[in-house]
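Working notes, beginning with the structure itself.
The values are calculated or read from the model by the stated rules, or taken from the named source; none is laboratory data. Here the structure is a predicted model, which is why all the values come from computation and not from measurement. When we count neighbours, we look across all protein chains shown, and the Cβ atoms used for this are built from the backbone with ideal geometry, even at glycine.
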Amino acid sequence: MSWPASSRSTRRGSPDAVKCPFCAEPENKVIDSRLSNQGTVIRRRRECLGCQRRFTTYERVEEILPMVVKKDGRREAFDRQKVLDGLKLACQKRPVGAEQLEAVVDGIERRLQEMGEKEVPSSVIGESVMRELARLDEVAYVRFASVYRSFKDLGEFMSELKELISERKSTPKK
C-alpha cells in the first residue's frame, strides 16, 4: 500500500521533526510513504529542504514490554535476544530453523504485551518457552527443561520425560 506523496514539511521544534543525516537541517518534506515489514513499519522517503538530498526514515510502534522479575527478586528489562539465545542453545544441531525460533520469540513477546502487566515473573517466560519447545522439538524441550527446571536428581528428570511421553501419546498426530 502506498500513500500519495505529501508536500507536508516538518518544522523546527515540531514533535515529528527529523534532522537531515547529511546537513542536520530539521526542515524536510515527506515525498513518499509505504507500509513495510508486513504492515508493522511505515517507510517514509524524505527530501531535505536545506540540501535537497533524500533519505529514508522508518516509523514503528514503540513496544512496551514488562519488566521481568527474576527468582531472586531482581528486576530487568525483557531481553528478546536472551530468550532467542536460550532457544538456539536448546535447538543446537536439531532440525529447527531460525525462522521458527524467531516466530516463537515473536509469539512470546506478543503474549507479554497482551497481558498488559508492568512486571512478569521470569517463570511465565520460561514456561512459555517450554510449551513452545515441546510443540517444536522434543529433544530441544528436554535440553531446555533440564537447565530451566534444575532437576535435583535423575528421578525428577525421568518424571519430566514420562510426563512428556504421556502427553505425546494422548495428542493425536497431525
Query raised in the report: Taking the condition modelled with pLDDT of 90 or more and either surrounded by 13 or more Cβ atoms within 10 Å (Cβ to Cβ) or of a type in the set (S, T, N, Q) (or both), does residue 142 pass?
Result: no
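Taking the stated definitions as given, is residue 41 more than 13 Å from the chain's Cα centre (by Cα) and within 30 Å of residue 19 (Cα to Cα)?
So residue 41 passes the test.
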**Report entry** Some residue of the range 64-79 being outside the structural domain of residue 134 (by TED's automatic domain parsing), of a type in the set (D, E, K, R), outside any loop (DSSP other than H, G, I, E, B) and modelled with pLDDT of 90 or more
**Finding:** no
Report task. Might you let me know whether the range 57-66 holds any residue that is under 29 Å from residue 142 (Cβ atoms) and acidic (Asp, Glu)? Result -> no
Requested in this report: Considering only the range 23-81, state which residues are farther than 30 Å from residue 123 by Cα and hydroxyl-bearing (Ser, Thr, Tyr).
Outcome: 33, 36, 56, 57, 58
Report summary line: Residue pairs within 6 Å by beta carbon, gap of at least six or interchain, first lying in the range 158-170 and within 18 Å of residue 131 (Cβ to Cβ), second hydroxyl-bearing (Ser, Thr, Tyr) and surrounded by 11 or more Cβ atoms within 10 Å (Cβ to Cβ), listed first then second, are none
Requested in this report: Can you confirm whether the range 46-56 contains a residue that is of a type in the set (Val, Ile, Thr) and either surrounded by 13 or more Cβ atoms within 10 Å (Cβ to Cβ) or within 19 Å of residue 144 (Cα to Cα) (or both)?
Outcome: no
Requested in this report: Kindly indicate whether residue 96 is outside any helix (DSSP H, G or I) and farther than 22 Å from residue 68 by Cβ.
Outcome: yes
